[in-house]
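Asks: Structure provided below as structure tokens; questions to follow.
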Amino acid sequence: MIYYVYIIRSKSTGKYYTGMTNSILRRLQEHNQRQSNTRTTKYNTDYELLFCQEVENRNLARNIEKYLKSGAGREIRNEIMDENFGIVAQPG
């Protein structure tokens, strides 16, 4: 089964969220309609999809997600977002 690792950003707070799913459109809709059980994203409804990578299985998606949430992964994510979108990450 195909999975996706994604990065979304709240337009109002500028904060990122990194996650994984098997349905990127459904998951983005859940974040934006407060149907997500994720504490980090349940208070905003203005998320935009900035990055999405298709991977071949859940384990690989989970490993990439965990890396992007690590200290080194967040630094790389922030550099990529700044270079490609001119977006400077907000603390947090």
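Asks: Output the residues belonging to region 68-77 that are exposed (fewer than 15 other Cβ atoms within 10 Å of the Cβ) and either assigned to a loop (DSSP other than H, G, I, E, B) or touching a residue at least 60 places away in the same chain (Cβ under 8 Å) (or both).
Replies: Hit for region 68-77 is SER70, nothing else.
Asks: Looking for whichever is modelled with pLDDT of 90 or more and more than 14 Å from the chain's Cα centre (by Cα) here; the options are ILE7, ILE24, ILE2. Which one fits?
Replies: Going through ILE7, ILE24, ILE2 in turn, just one is modelled with pLDDT of 90 or more and more than 14 Å from the chain's Cα centre (by Cα): ILE2.
Yes/no per residue for (1) under 20 Å from ASP82 (Cα atoms); (2) surrounded by fewer than 12 Cβ atoms within 10 Å (Cβ to Cβ):
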{"site": "TYR3", "(1), (2)": "no, no"}
{"site": "ILE7", "(1), (2)": "yes, no"}
{"site": "SER23", "(1), (2)": "no, no"}
{"site": "LEU50", "(1), (2)": "yes, no"}
{"site": "GLU54", "(1), (2)": "no, yes"}
{"site": "ARG62", "(1), (2)": "no, no"}
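Asks: For a quick check of your reading of the model, give me the residue pairs whose first member lies in region 28-45 and is without any contact (Cβ under 8 Å) to a residue 40 or more places away in the chain and farther than 19 Å from LYS69 by Cβ, whose second is basic (Lys, Arg) and not in a helix (DSSP H, G or I), with beta-carbon atoms closer than 7 Å and at least 6 apart or on different chains.
Replies: Note: pairs meeting the criteria are ARG34/LYS42; THR45/ARG34.
Asks: I'd like to know if region 25-37 contains one or more residues that are surrounded by 13 or more Cβ atoms within 10 Å (Cβ to Cβ) and in a strand (DSSP E or B).
Replies: Initially, region 25-37 is screened for residues surrounded by 13 or more Cβ atoms within 10 Å (Cβ to Cβ), giving 27-32, 36.
Applying the additional criterion that residues be in a strand (DSSP E or B) yields none.
Within region 25-37, not a single residue is surrounded by 13 or more Cβ atoms within 10 Å (Cβ to Cβ) and in a strand (DSSP E or B).
The values are calculated or read from the model by the stated rules, or taken from the named source; none is laboratory data. The shown structure was predicted, so the numbers you read here are calculated from the model rather than taken from an experiment. We place every Cβ from the backbone using ideal geometry, glycine too, and count neighbours over all the protein chains shown.
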